[in-house]
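Structure record follows, encoded as structure tokens.
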Amino acid sequence: MDTAGAQDISHGVNHVLRCLITVGPTREHFDPVRFLSNGSSGKMGYALAERAAKRGWQVTVVSGPVALPPPPGVTVTRVVSAGEMFQACEPLFMESDVFIAVAAVADYRPRSMAGEKLKKTGGPWRLDLVPTVDILKTLAARKRPGQIIVGFAAETHDLENTARRKLAEKNLDWIVANDVSRPNLGISADDNAVLLLGANGARLAFGPAAKVAVAEFILGNVVPPVRT
Ligand code: CTP
């Protein structure tokens with residue numbers, strides 16, 4: 001095990017770094033069998049979890065529905081909806097040194113969920129949608145001194161400006177911007193190309209590369225190795 005950075009007093013902690021990562025899509029049901037969701041595979045989040053555990057960090061993943069096995073040495077809590085993801089993260093966030101929000105959380109959910117499968121009517125259907133909780137923004141507003149908070153921004157246009165706005169608006173230390181309009185990169189792909197922007201003014205581009213390599217790049221920059 002590579003323990004560089006694990007026992008890390010220079011980042012304001014004198015214990016093994018505790019890292020919380022949200023992963024995958026959420027599902028917002030409107031009846032027991034139907035839901036709104038997106039194509040997030042969880043590959044980027046699980047790659048980060050695996051590499052963080054390899055660094056000797058104590059890693060907890062809160063994962064929406066994905067088909068991936070849990071990475072070795074990582075505690076995984078499975079959830080379905082944005083509301084459940086928030087409830088699972090809230091207590092874990094308080095105890096984490098690093099919070100990385102990779103999940104493609106649904107921004108809206110159906111106002112109500114039918115208890116039984118809805119029957120087709122022949123006419124059009126209308127879904128009344130209400131906003132979900134912004135997990136990252138809500139938790140980042142409670143940031144402790146020394147806590148490191150990393151968000152993701154998956155965009156199809158105006159990547160850098162939008163990512164910078166989210167970095168500031170969500171009170172983040174870092175944001176990982178990725179252009180999801182590029183074929184074979186980003187959501188559900190095996191590779192990714194990212195632009196890492198820091199609240200400290202850092203601007204670092206990486207990739208295209210395998211998501212494991214992208215994970216190493218992100219972790220190495222947001223928690224640099226301790227030099228003794
Ligand atoms: N995020 C979150 N909870 C939400 C929505 C987003 O925690 N309800 C987090 C994501 O995990 C990601 C970051 O916020 O780290 C940005 O998500 P993104 O979907 O790109 O941005 P939004 O704020 O949802 O804005 P928009 O969809 O309008 O681009």
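Label-to-label distance, N200 versus D158, with points set 7 angstrom from Cα along the beta-carbon direction: 3.0 nm.
The calculated FRET efficiency for the pair S112 and Q87, based on their C-beta separation and a Förster distance of 22 Å, comes to about 0.70.
Direction-averaged projected area, Cα convex hull, region 94-221: 10.9 nm², rounded to one decimal. Per residue, region 138-228 exposes an accessible area of 49 Å² to a 1.4 Å probe, with every protein chain left in place. Build a GNM of the chain with springs between Cα atoms under 10 Å apart, and of G198, G122, G83 the one that fluctuates most is G122. For K54, go through the aspartates and glutamates and keep the ones whose alpha-carbon is under 16 Å away, minus same-chain ones fewer than eight residues off. K54 reaches D2, D8, E216.
Could you tally the net charge around E155, taking each other residue with its Cβ under 13 Å from the Cβ of E155, Lys/Arg +1 and Asp/Glu -1? Taking every other residue near E155 into account, the sum is +1. Hey, which aspartates and glutamates would be in cross-link range of K119, C-alpha to C-alpha under 15 Å, not counting anything within fewer than 8 residues on its own chain? Answer for K119, where 15 Å is the Cα cut-off: D31, listed by chain and number. Overall, the accessible surface of region 115-186 at a probe of 1.4 angstrom is composed of carbon and sulfur to the extent of 51 percent.
The values are calculated or read from the model by the stated rules, or taken from the named source; none is laboratory data. This structure is a prediction, so every number in the text was calculated from the model and none was measured. A quick note on method: Cβ atoms are made from the backbone with ideal geometry, for glycine too, and the neighbour counts reach across all protein chains shown. With ligands, DNA and RNA removed, areas are computed over all heavy atoms of the protein, side chains included. Shrake-Rupley method; radii C 1.70, N 1.55, O 1.52, S 1.80 Å.
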